[in-house]
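Throughout, read-outs are computed from the coordinates displayed, never taken from laboratory work. Note that the coordinates shown come from a computational prediction; the quantities given were computed from them, not determined experimentally. For neighbour counting, all protein chains shown are included, and Cβ atoms are generated from backbone atoms with ideal geometry for every residue, glycine included.
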Amino acid sequence: MRAFVYDRPTRVEQAVATVTADPQAAFLAGGTTQLDLMKDGVWTPDRLVDISRLPLRGMMTEGQLLRVGALTTMEQLAAEPVVARRLRFVREALLAGASTQLRNMATIGGNLLQRTRCRYFRDPTVAACNRRCPDSGCAAVANTARMHAVLGVDERCVALHASDVAVPLVAVGAAVTVLGAKGERQIPLTEFWVRADEGPSIENVLGHGELITEVRIPLLPEGWTSGYLKVRDRASYEFALTSAAVALRMDSGVIGDCRIALGGVGSVPWRAWQAEDLLRGTQPEPTLFERAGRAVMAGAYTLPGTAFKVDLAVRTLTRQLIAMTSAATR
Ligand SMILES: Cc1cc2nc3c(=O)[nH]c(=O)nc-3n(C[C@H](O)[C@H](O)[C@H](O)COP(=O)(O)OP(=O)(O)OC[C@H]3O[C@@H](n4cnc5c(N)ncnc54)[C@H](O)[C@@H]3O)c2cc1C
């Protein structure tokens with residue numbers, strides 16, 4: 001048993017100040033990632049600052065923006081009527097994640113900050129992990145890899161970002177509001193995570209002690225169709241092998257506009273800019289969808305165990321684009 005100090009502040013500034021002042025401190029929200037890491041000895045902070053009593057729960061719509069408090073649970077967000085109407089792919093991604101019990105504990109802020117499921121990262125008896133222990137090597141590259149990333153990675157680290165809901169959030173252009181010792185700032189999610197090939201041990205741009213206070217999600221305009229497709233080894237309670245979040249608007253038989261991101265493939269939730277550019281203004285056509293998928297996956301870094309993800313991601317995106325363009329023209 002390893003001792004640690006437990007704090008439960010009631011003011012946001014107090015929580016930020018406590019973690020900022022102690023380099024060995026960490027926030028605790030729903031605990032569904034944090035406690036696992038501590039029990040496994042992967043990450044053992046000396047002080048846990050429980051933020052669950054902070055007034056950061058709940059949602060409000062402000063014009064075309066949904067503001068979600070960071071402590072809102074995955075279940076609460078999925079149950080919000082405006083999410084079902086205007087952000088359907090966010091709701092589908094939430095409900096495709098984990099289990100009902102976990103979703104009732106897990107917060108939206110914690111979900112975005114969940115650590116990789118790489119089995120070598122999560123096993124401290126494995127010495128080689130550049131993410132956990134800089135410059136120690138990467139056991140996944142030298143051994144069996146499967147639930148790993150193929151985009152935004154290289155031989156130093158193939159850790160996957162496993163969040164489902166982060167994928168549509170990246171597609172729709174969501175941002176987080178963050179409070180730190182130097183004040184508040186907003187960070188678009190497309191700039192929030194750091195790719196493993198840009199530095200395996202740095203996962204995001206948060207400074208120590210910075211707290212996510214809310215997630216700001218632009219609502220899709222009326223007339224848009226969206227959906228999330230998750231491909232996994234079993235039908236529930238499993239992380240994605242690949243996934244595709246697609247939102248689009250059809251104009252007189254052509255794709256007027258679209259937002260696309262892929263999950264299960266990147267060291268960060270992967271915005272598919274090339275696919276969006278290729279598809280805008282075109283008539284829906286499966287061969288074009290496949291070409292768009294290939295364009296996104298072109299720079300993939302694969303290992304024998306992860307090479308299947310390239311074709312699978314292309315097929316996942318193609319299938320979801322067929323489904324979304326058909327639904328939008330019905
Ligand atoms: C068995 C299992 C299956 C799962 N399956 C899926 C799945 O299919 N899809 C999916 O997307 N996820 C899945 N998850 C992950 C789950 O969604 C996350 O564990 C959860 O969302 C984390 O939220 P939390 O509130 O419990 O965070 P915590 O565990 O409390 O915290 C996670 C991390 O975030 C930090 N943190 C938390 N809140 C904040 C904040 N507001 N500001 C700054 N730092 C913060 C903590 O310090 C910690 O480092 C699964 C988890 C488990 C255990």
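Could you list log10 I(q)/I(0) for the range 225-329 at q = 0.13, 0.18, 0.19, 0.20 Å⁻¹, which the Debye formula gives when each Cα is one point scatterer?
Log10 I(q)/I(0), no solvent term: -0.43, -0.79, -0.87, -0.96.
Sort the following peptides by mean Cβ neighbour count (other Cβ atoms within 10 Å, averaged over residues), highest first: 223-236, 143-156. Please report the intermediate quantities before stating the final value.
Working: 223-236: 17.4, 143-156: 21.0.
Final packing ranking: 143-156, 223-236.
Want the number for Thr282 to Tyr6: 0.36 nm per residue separation, take away the alpha-carbon distance, what's left? It would help to have the intermediate numbers written out before the result.
Working: separation 276, 0.36 × 276 = 99.36 nm, distance 5.61 nm.
Value of the extension gain: 93.8 nm.
If you bin every alpha carbon distance in the range 46-112 into 10 Å steps from zero, what whole percent lands in each bin?
Histogramming the range 46-112 at 10 Å steps yields 20, 52, 23, 4, 0 percent.
How are the C-alpha pair distances of the range 147-292 spread across 10 Å bins, as whole percents from the shortest bin up?
Percent of pairs per bin, in order: 11, 35, 35, 16, 3, 0.
Taking the chain, how much of its Cα-Cα pair set, in percent, is spaced more than 30 angstrom apart?
The calculated P(r) of the chain puts 34 percent of pairs beyond 30 Å.
Report the semi-axes of the equivalent ellipsoid for the range 1-50 in whole Å, largest first, where each axis is √(5λ) for an eigenvalue λ of the Cα gyration tensor.
Output for the range 1-50: semi-axes of 19, 12, 8 Å.
List the lysines whose Cα lies under 27 Å from the Cα of Lys309, skipping any in the same chain that are fewer than 8 positions away.
Hits, sequence-local ones excluded: Lys230.
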